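The values are calculated or read from the model by the stated rules, or taken from the named source; none is laboratory data. Keep in mind that this is a model prediction, so the values were computed, not measured. Neighbour counts run over all protein chains shown; Cβ positions are idealised from the backbone, glycine included. The area values use the complete protein model at the heavy-atom level, side chains included, leaving out ligands, DNA and RNA. Shrake-Rupley method; radii C 1.70, N 1.55, O 1.52, S 1.80 Å.
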Amino acid sequence: MARLTNLELAKDCDNFPYFSDNPQLYEATVNDYYHFLLEGCPSVLGYVSSKVAERFPASRHWEIDASKRTVTFQPRDEQGSAISDFESRNAILADYLQSVREQRVFGVLDGWRSEKYPVYGPNKEILLSMERSATPLFGVVTYGIHMTGYVKTDQGMKIWAPRRALNKQTYPGMMDNTVAGGLTIGELPFDCLVREAEEEASLPADLVRTAKACGTLTYFHVRDARALGETGLCQPEVQYIYDLEMPPDIVPKPGDNEAIDFQLLTVEEVQTAMANGKFKPNCAHLLLEFFVRHGIMTAENEPDYLQIVSKLHRRLEFPMR
């Protein structure tokens, strides 16, 4: 396989078309998806692939309109009246998704997490509480944290990189950032970081609390076979990113069977692994941003610098927190 350029790595993650680049391709792609709507909310909350929309089991709580290309969640009581309160609405959603899972309609639900992700409305209000593994079916914006742990050595900077377990629900066996995880409903980014660092890497909380917040990364990813489950699912995401300079005597260790091991790699070794397609797409994306922030990738040594940097901070098309 040919080595991937840095721009190709950026495009591999942020791979939903841009209207400004190719209006015809953008329109054709968007038209192949249904809009995910919640009754009573004016905003499009996500994109549902046609293949997924056509396979949703029938329910009075859902309206699939092929002519309008919409999938509308419209929770109803036994008498057919609309339900608008948050708890009842989400209980219906949870029951429906559990039923779809039990019917084995979608392979992506084989990675069921029993974790709830928030779906936001146009005023930053939480509209839905959705099972994590179901979010790609609806193409809603999800949120996570990624931390890069690095060590300064006499040979230069080195980065701790884990390999994902072979039985991971997504991207098994690929390389990852030092710590990464999803933000569940009601969780703050830094609290999520501390929790995930202990669970995934056995890192002490007092060390992790010295991590430096470095902003956010945004991208609009369309999943392929590497993610397992259905392909063509939309995954627009926001990642809160952190750096942690680690002392040389601290060695991260797998704590929850989500990683095979951790390797301490030179920058050059990380770049080679990225170019060989070994990193999970959004982790390679984040490392590109890490290299920009640390002056490793510059306008002088990267001919596609401006294009890469612009793809690290995409404006997403859906309501956000």
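List pairs: first residue in the range 303-321 and closer than 19 Å to Arg293 by Cβ and in contact (Cβ under 8 Å) with a residue 60 or more places away in the chain, second residue β-branched (Val, Ile, Thr) and open to solvent by less than 20 Å² (accessible area, probe 1.4 Å) anywhere in the structure, Cβ distance under 8 angstrom, at least six positions apart or on different chains.
Listed pairs, sorted by first residue: Leu312/Thr218; His313/Thr218; Arg314/Thr218.
Whether any residue in the range 162-179 is out of contact with any Phe, Trp or Tyr (no Cβ under 7 Å at 6 or more places or on another chain), crowded, with 17+ Cβ neighbours inside 10 Å and assigned to a strand (DSSP E or B) is what I want to check.
The answer is yes, given that some residue of the range 162-179 is out of contact with any Phe, Trp or Tyr (no Cβ under 7 Å at 6 or more places or on another chain), crowded, with 17+ Cβ neighbours inside 10 Å and assigned to a strand (DSSP E or B).
Please go through (1) surrounded by 19 or more Cβ atoms within 10 Å (Cβ to Cβ); (2) without any contact (Cβ under 8 Å) to a residue 60 or more places away in the chain for Asn6 and return the number of the only condition it doesn't satisfy.
Here Asn6 clears every test but (2).
Residues of the range 290-321 being assigned to a loop (DSSP other than H, G, I, E, B), within 26 Å of Leu244 (Cβ to Cβ) and not hydrophobic (A, V, I, L, M, F, W, C), which ones?
Within the range 290-321, His294, Gly295, Thr298, Asn301, Glu302, Arg314, Arg321 meet the criteria.
Residues to consider are Val30, Val52; find the one that is within 26 Å of Val238 (Cβ to Cβ) and either among the hydroxyl-bearing types (Ser, Thr, Tyr) or touching a residue at least 60 places away in the same chain (Cβ under 8 Å) (or both).
The unique qualifying residue is Val52.
Residues that are part of a helix (DSSP H, G or I), among the basic types (Lys, Arg) and open to solvent by 60 Å² or more (accessible area, probe 1.4 Å): does the range 267-278 have at least one?
Within the range 267-278, not a single residue is part of a helix (DSSP H, G or I), among the basic types (Lys, Arg) and open to solvent by 60 Å² or more (accessible area, probe 1.4 Å).
For Glu125, all conditions in the list (1) touching a Leu at 6+ places or on another chain (Cβ under 6 Å); (2) free of Cβ contacts under 8 Å to residues at least 12 places away in the same chain hold save one; what is the number of the exception?
(1)
Residues in the range 12-25: is at least one of a type in the set (A, V, I, L, M), touching a Pro at 6+ places or on another chain (Cβ under 6 Å) and without any contact (Cβ under 8 Å) to a residue 40 or more places away in the chain?
Checked the range 12-25: at least one residue is of a type in the set (A, V, I, L, M), touching a Pro at 6+ places or on another chain (Cβ under 6 Å) and without any contact (Cβ under 8 Å) to a residue 40 or more places away in the chain.
Would you point out the residue of the range 185-206, among those that are under 17 Å from the mean Cα position of the chain (by Cα) and outside any helix (DSSP H, G or I), that is surrounded by the most Cβ atoms within 10 Å (Cβ to Cβ)?
Here the residue is Glu187.
Could you list, in sequence order, the residues of the range 279-301 that are open to solvent by 20 Å² or more (accessible area, probe 1.4 Å) and either touching a residue at least 12 places away in the same chain (Cβ under 8 Å) or of a type in the set (Gly, Ala, Ser) (or both)?
Lys280, Val292, Arg293, His294, Gly295, Ile296, Ala299
State yes or no: is Leu244 open to solvent by less than 10 Å² (accessible area, probe 1.4 Å), more than 18 Å from Gly182 (Cβ to Cβ) and assigned to a helix (DSSP H, G or I)?
no
Go through (1) under 13 Å from Trp160 (Cα atoms); (2) open to solvent by less than 20 Å² (accessible area, probe 1.4 Å) for Leu312 and report which single condition fails.
(1)
With the checklist (1) under 20 Å from the mean Cα position of the chain (by Cα); (2) assigned by the TED database to the domain that holds Leu183; (3) surrounded by fewer than 19 Cβ atoms within 10 Å (Cβ to Cβ) in hand, flag the one item Met320 doesn't pass.
(2)
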